[in-house]
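Have a look at the structure below, then the notes.
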Amino acid sequence: MSDVGFYHLSRTGPDKALPKLLGRTLAAGERALVLCASPERVEALDASLWLSADPAWLPHGTARTNEADLQPIWLTAAASEAAAAPNGAHFLFLVDGADCPDLARFTRVFDLFDGADDAAVAAARARWAAAKEAGHTLAYWQQGPGGWERKA
């Protein structure tokens with residue numbers, strides 16, 4: 001089973017929170033797959049990661065750039081591609097309500113959701129219930145003044 005962390009965004013959006021989490025992933029020697037809700041979101045996130053200042057370098061690719069096996073971070077909007085993890089990722093990041101049918105394929109899953117959006121919170125609760133029912137280990141994190149705080 002996977003360790004699934006739900007990351008309640010209350011101080012920044014995913015474009016600010018995600019680069020730091022991805023930077024920590026790379027620093028730990030892991031690869032990441034980021035599953036977005038739409039192809040347009042993949043394109044926007046692709047541009048955002050190239051402009052990231054913290055960390056300053058987040059090497060990544062998309063279907064447009066190809067060669068997934070060479071990319072430490074892979075961005076996609078295709079759940080089937082995410083389940084296959086074409087870059088060999090063991091860490092999965094879900095943004096904008098994206099959902100992956102096979103969480104067990106990953107060691108860790110980071111589900112980032114917008115705490116100011118009632119629909120996003122309700123959808124995250126549904127994903128939490130499904131992950132719990134599937135037997136995954138769950139954790140809930142919320143942005144606080146000093147960074148991420150683990151909540152009960």
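Summary of computed values
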quantity: Filter result (surrounded by 11 or more Cβ atoms within 10 Å (Cβ to Cβ) and more than 18 Å from the chain's Cα centre (by Cα)) within the range 52-65; calculated: THR65
quantity: Options VAL42, VAL4: the member that is in contact with a strand residue (DSSP E or B) (Cβ under 6 Å, 6 or more places away or on another chain) and closer than 24 Å to LYS132 by Cα; calculated: VAL4
quantity: Whichever residue in the range 14-39 is in contact with a strand residue (DSSP E or B) (Cβ under 7 Å, 6 or more places away or on another chain) and under 20 Å from ARG125 (Cβ atoms) and, among such residues, is surrounded by the fewest Cβ atoms within 10 Å (Cβ to Cβ); calculated: ALA17
quantity: Number of the exception - ASP111 against (1) assigned to a loop (DSSP other than H, G, I, E, B); (2) farther than 18 Å from GLU40 by Cβ; (3) in contact with a helix residue (DSSP H, G or I) (Cβ under 8 Å, 6 or more places away or on another chain); calculated: (1)
quantity: Residue in the range 116-129 that is within 14 Å of the chain's Cα centre (by Cα) and not charged (D, E, K, R) present; calculated: yes
quantity: Residues satisfying the stated conditions in the range 92-115, i.e. closer than 17 Å to ALA139 by Cβ and of a type in the set (A, V, I, L, M); calculated: LEU92, LEU94, LEU103, ALA104, VAL109, LEU112
quantity: Boolean, THR107 is in contact with a Ser or Thr (Cβ under 7 Å, 6 or more places away or on another chain), farther than 13 Å from HIS8 by Cα and among the polar types (S, T, N, Q); calculated: yes
quantity: Matching residues, the range 1-50, being touching a Gly at 6+ places or on another chain (Cβ under 6 Å) and not in a strand (DSSP E or B); calculated: MET1, SER10, ARG31, ALA37
quantity: Candidates ALA116, ALA120 - the one that is in contact with a Phe, Trp or Tyr (Cβ under 6 Å, 6 or more places away or on another chain), within 16 Å of GLY13 (Cβ to Cβ) and either aliphatic (A, V, I, L, M) or free of Cβ contacts under 8 Å to residues at least 60 places away in the same chain (or both); calculated: ALA120
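Read-outs: derived from the displayed coordinates by stated rules, not from any lab. Worth saying up front: this structure is predicted, and the values here are computed from it rather than measured. Methodologically, a virtual Cβ is constructed for each residue, glycine included, from the backbone with ideal geometry; neighbour enumeration extends over all protein chains shown.
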